[in-house]
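Written below as structure tokens is the structure these notes are about.
The values are calculated or read from the model by the stated rules, or taken from the named source; none is laboratory data. Values in this document were obtained by computation on a predicted structure and should not be read as measured data. For neighbour counting, all protein chains shown are included, and Cβ atoms are generated from backbone atoms with ideal geometry for every residue, glycine included. What goes into the accessible areas is simple: the full protein's heavy atoms, side chains included, and nothing from ligands, DNA or RNA. Shrake-Rupley method; radii C 1.70, N 1.55, O 1.52, S 1.80 Å.
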Amino acid sequence: MVGLSTGEKHFIHGGIAQDLRSDGRKRLHFRPISVETGVIPQANGSARVRLGATDVIVSIKAELGKPSSFQPDKGKVAIFIDCSPTAAPEFEGRGGEVLSSELSVALERCFLGGKTGTGAGIDLSSLIIVEGKVCWDLYIDGLVISSDGNLLDALAAAIKVALSNTGIPKVNVDLGASPNDQPEVDVSDEEFLQFDTSGVPVVVTLTKVGRHYIVDATLEEESQMSSAVSVSVNRHGHICGLTKRGGAGLDPSVILDMISVAKHVSQNLISVLDSEIAAAEANIDER
């Protein structure tokens, strides 16, 4: 937990009210973002994202699996987050486990839509190899290295960047003589297909402090929040998911305004990530 004096709390609230936060940012400005790709060679895709002093790594592994019986035309995605005890004192013991679980669930809501997959930001149908029989299972693992607030947005950005770095092996399929035969799948070690990230969203969390809401809150700012709404938006402006935390209720009109602001802010964030991804990939090519 962040321990603040009464004066520090007043300073944070007063700065946000005047649209001049403690670090000099305006209410709707993100901290500097830096991106590295291909940081874990054994993975199909990986990325490291730093958002101010918040630092996270995401790796993606693709494995052959079987589609579920109620979604035979879609592959599967699982998201697991681990909060390193060295990232923050409150991550030691049960605290880290609870937050890891909360982040995993929130990211699945933001990226995978409802139980039917409606509104999913990741196209699960692109992971199917043979309908009802063979698909790709994507395992997305995130690690929080350092925490200074806004973990959900940082992890979501890292997932988007890691997916842009992900190569899915090409496969040759022998369906067999009978429709009941299990297909034989030959996975290439040399040819890969780039994962399509055109519909993959970013997450923008609007944190309400006093009468105003801000983006990319630091730990100190989060300690003063009454509630927060996280909205996942893709580059087409489509809402892929929404999650709320904090005990204070919000009027529906306020939530609609927050969604509108999130959609606007998301396009700037996507543009920054696109530039960072291009620069990171260029650095890899030069090595």
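Among the listed residues F11, F111, F80, which satisfies the condition of being assigned to a helix (DSSP H, G or I) and within 30 Å of D186 (Cα to Cα)? Explain how you work it out, then say what you get.
Numbers: F11 fails: within 30 Å of D186 (Cα to Cα); F80 fails: assigned to a helix (DSSP H, G or I).
None of the other options fit; the residue is F111.
Pairs only if they're at least six apart or on different chains, beta carbon under 6 angstrom, first in region 255-266 and in contact (Cβ under 8 Å) with a residue 40 or more places away in the chain and of a type in the set (S, T, N, Q), second open to solvent by less than 50 Å² (accessible area, probe 1.4 Å) and not in a helix (DSSP H, G or I); list them, first residue then second.
Once the first residue is in contact (Cβ under 8 Å) with a residue 40 or more places away in the chain and of a type in the set (S, T, N, Q) and sits in region 255-266, its partners that are open to solvent by less than 50 Å² (accessible area, probe 1.4 Å) and not in a helix (DSSP H, G or I) give S266/V202; S266/V204; S266/V233.
Which residues, taken from region 127-150, are more than 27 Å from S68 (Cα to Cα) and open to solvent by 20 Å² or more (accessible area, probe 1.4 Å)?
Filtering region 127-150 for residues more than 27 Å from S68 (Cα to Cα) gives 143-150.
Answer for region 127-150, where residues must be more than 27 Å from S68 (Cα to Cα) and open to solvent by 20 Å² or more (accessible area, probe 1.4 Å): L143, I145, S146, D148.
So which residues in region 57-77 are of a type outside the set (K, R), part of a strand (DSSP E or B) and surrounded by fewer than 18 Cβ atoms within 10 Å (Cβ to Cβ)? Explain how you work it out, then say what you get.
Our first condition is that a residue be of a type outside the set (K, R); within region 57-77, this holds for 57-60, 62-65, 67-73, 75, 77.
Now drop any that are not part of a strand (DSSP E or B), which leaves 57-60, 62-65, 77.
The answer is E63, L64, G65.
Given the criterion under 15 Å from the mean Cα position of the chain (by Cα) and hydroxyl-bearing (S, T, Y), identify the matching residue among S146, S84, S126, S164.
Numbers: S146 fails: under 15 Å from the mean Cα position of the chain (by Cα); S84 fails: under 15 Å from the mean Cα position of the chain (by Cα); S126 fails: under 15 Å from the mean Cα position of the chain (by Cα).
Exactly one of S146, S84, S126, S164 is under 15 Å from the mean Cα position of the chain (by Cα) and hydroxyl-bearing (S, T, Y), namely S164.
When you go through (1) in contact (Cβ under 8 Å) with a residue 40 or more places away in the chain; (2) in contact with a strand residue (DSSP E or B) (Cβ under 6 Å, 6 or more places away or on another chain); (3) surrounded by fewer than 17 Cβ atoms within 10 Å (Cβ to Cβ) one by one for A280, which number turns out not to apply?
(3)
Enumerate the strands (runs of 3 or more DSSP E) found wholly within region 122-177, keeping only those where 2 or more residues are of a type in the set (F, W, Y). Spell out the reasoning first.
Values: elements: 128-130, 134-146, 167-174.
Per the criteria, 134-146.
Just checking, how many residues over region 14-52 are farther than 30 Å from A280 by Cβ and in a loop (DSSP other than H, G, I, E, B)?
Of region 14-52, the ones farther than 30 Å from A280 by Cβ are 14-20.
Filter again for in a loop (DSSP other than H, G, I, E, B), leaving 18-20.
Total satisfying the criteria: 3.
Quick test of your reading of the structure: A228 fulfils all but one of (1) touching a residue at least 40 places away in the same chain (Cβ under 8 Å); (2) touching a helix residue (DSSP H, G or I) at 6+ places or on another chain (Cβ under 9 Å); (3) over 30 Å from W136 (Cβ atoms). Name the failing condition by number.
(1)
Condition check: open to solvent by less than 70 Å² (accessible area, probe 1.4 Å) and among the aliphatic types (A, V, I, L, M). Does I270 satisfy that? Walk me through it before giving the result.
Details: open to solvent by less than 70 Å² (accessible area, probe 1.4 Å): yes; among the aliphatic types (A, V, I, L, M): yes.
Yes; evaluated as a whole, the condition is true for this residue.
Would you be able to tell me the number of residues in region 85-103 that are open to solvent by 20 Å² or more (accessible area, probe 1.4 Å) and either touching a Phe, Trp or Tyr at 6+ places or on another chain (Cβ under 8 Å) or not in a helix (DSSP H, G or I) (or both)?
Number satisfying all stated conditions: 5.
Would you check if there is a residue in region 86-109 being farther than 23 Å from A154 by Cβ, touching a residue at least 40 places away in the same chain (Cβ under 8 Å) and not basic (K, R)?
No - not one qualifying residue is present in region 86-109.
Tell me which of these A106 doesn't satisfy, since it passes every other one: (1) of a type in the set (A, V, I, L, M); (2) more than 30 Å from E8 (Cβ to Cβ); (3) open to solvent by less than 50 Å² (accessible area, probe 1.4 Å); (4) in a helix (DSSP H, G or I).
Going through the list (1) of a type in the set (A, V, I, L, M); (2) more than 30 Å from E8 (Cβ to Cβ); (3) open to solvent by less than 50 Å² (accessible area, probe 1.4 Å); (4) in a helix (DSSP H, G or I), A106 breaks only (2).
Just the residues that are open to solvent by 20 Å² or more (accessible area, probe 1.4 Å) and either charged (D, E, K, R) or in a strand (DSSP E or B) (or both), please, taken from region 208-242.
K208, R211, H212, Y213, E220, E222, R235, I239, L242
Which of the residues spanning region 243-277 are assigned to a helix (DSSP H, G or I), polar (S, T, N, Q) and in contact with a strand residue (DSSP E or B) (Cβ under 6 Å, 6 or more places away or on another chain)? Outline the logic, then answer.
Residues of region 243-277 assigned to a helix (DSSP H, G or I): 252-277.
In the following step, the residues that additionally are polar (S, T, N, Q) were identified as 253, 260, 266-268, 271, 275.
Once the filter is applied, which keeps residues that are assigned to a helix (DSSP H, G or I), polar (S, T, N, Q) and in contact with a strand residue (DSSP E or B) (Cβ under 6 Å, 6 or more places away or on another chain), region 243-277 yields only S266.
Please specify each residue of region 248-267 satisfying the condition of being closer than 19 Å to M225 by Cβ and open to solvent by less than 80 Å² (accessible area, probe 1.4 Å).
Passing the criteria: A248, G249, L250, V254, I255, D257, M258, I259, V261, A262, V265.
Could you give every pair whose Cβ atoms fall below 6 Å, whose first residue belongs to region 1-28 and is at pLDDT below 90, and whose second residue is open to solvent by less than 70 Å² (accessible area, probe 1.4 Å) and in a helix (DSSP H, G or I), counting only separations of at least 6 or pairs across chains?
Listed by first residue and then by second, the contacts come to V2/L219.
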